Amino acid sequence: MADQPEPHLNTRLPAFGVPVIRQVSWGGLRTLYVKEVRRFFKVQLQTVWAPAVTTLLFLVIFTVALGGNDRQVMGTPFAEFIAPGLIVMGMLQNAFANASFSLLVGKIQGTIVDYLMPPLSIGELLAALVGGAVTRALCVGGAVWLAMALWGIDVTPRHPLAILWFGVVGATFVALLGVLTSIWAEKFDHAAAVTNFVIAPLALLSGTFYSVEALSPEFRAISHANPFFYIISGFRYGFLERADSDVTLGAAVLGGVTLALAAFCYWLLGKGWKLKS
């Protein structure tokens, strides 16, 4: 009896780097996003409500120290002037803190493989990390807004689209800075250095407690080179209908730098810089 040819089995594996799942892995994206949200929500007293109390204390101290309701800035009582800036500043700081934590802890604890091995594309990994950070920022912003409203500060939204754009896109921009920091950092001291020497100064020197128009031309030009300035100015416009800069220009600048930073983070994740041996 003649030997029968064995049936041909196509056992070739795809080349390295060729995606097998060619659509968006919504299940994997949702799983990682939920993991990021649950991580900060398990300690919500520390990650959401504590920043609200701290920000409210900033409002009380600066209002009392700088003249209470007798002082006005841009034709607005001082407390109402600084309230939007404090809200978005709390959002930005917590977006950075959340995004700069995950990959860094994975590198330190040796569990970075949990982020790199699952069947997620680079874009899905980046979207889940940033999405979790933005969710935390929105929770903190809502808690701070509620605390200020209960305190008696007028924080009525007058331009919801401006609040949404500068709040969400601003938090996305800072979350991407957090992802970039977590890629570069090798220990918690590195992330803390970025927080203390980059994020905090940019946030505090961006017109949160004062109008940039009151500065000298030199310092005004420096402020206009700070992306945080456009976030705070545009976010304040959503509440007060007043801003230190052209709101349309600020929205365009913020959108442009956010897209550029997202592309840079995507490229670094694709290269595996400081993530893969």
Out of the residues in the stretch 151-172 that are of a type in the set (Val, Ile, Thr) and in a helix (DSSP H, G or I), state the one that is farthest from the chain's Cα centre (by Cα). Ile163
Looking at Gly234, Gly255, which is the one that is over 24 Å from Gln72 (Cα atoms), part of a helix (DSSP H, G or I) and not basic (Lys, Arg)? Gly255
Would you mind listing the helices (runs of 4 or more DSSP H) fully within the stretch 48-150 where at least 3 residues are under 28 Å from Ala192 (Cα atoms), in contact with a Ser or Thr (Cβ under 7 Å, 6 or more places away or on another chain) and in contact (Cβ under 8 Å) with a residue 60 or more places away in the chain? 78-99, 102-109
Residue check, Lys274 against (1) surrounded by 22 or more Cβ atoms within 10 Å (Cβ to Cβ); (2) at positive phi; (3) not aromatic (Phe, Trp, Tyr), all met but one. Which one? (1)
Select from the stretch 215-229 the residues that are touching a residue at least 24 places away in the same chain (Cβ under 8 Å) and part of a helix (DSSP H, G or I) and write down the one among them that is surrounded by the fewest Cβ atoms within 10 Å (Cβ to Cβ). Pro227
Any idea which residue in the stretch 198-211 is surrounded by the most Cβ atoms within 10 Å (Cβ to Cβ), counting only those that are more than 17 Å from the chain's Cα centre (by Cα) and either assigned to a helix (DSSP H, G or I) or among the small types (Gly, Ala, Ser) (or both)? Gly207
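Any read-out appearing in this document is the output of simple, stated calculations on the displayed coordinates, not a laboratory observation. Everything quoted here is computed from the prediction, not taken from an experiment. Here the Cβ is made from the backbone with ideal geometry for all residues, glycine too, and neighbour counts use every protein chain on show.
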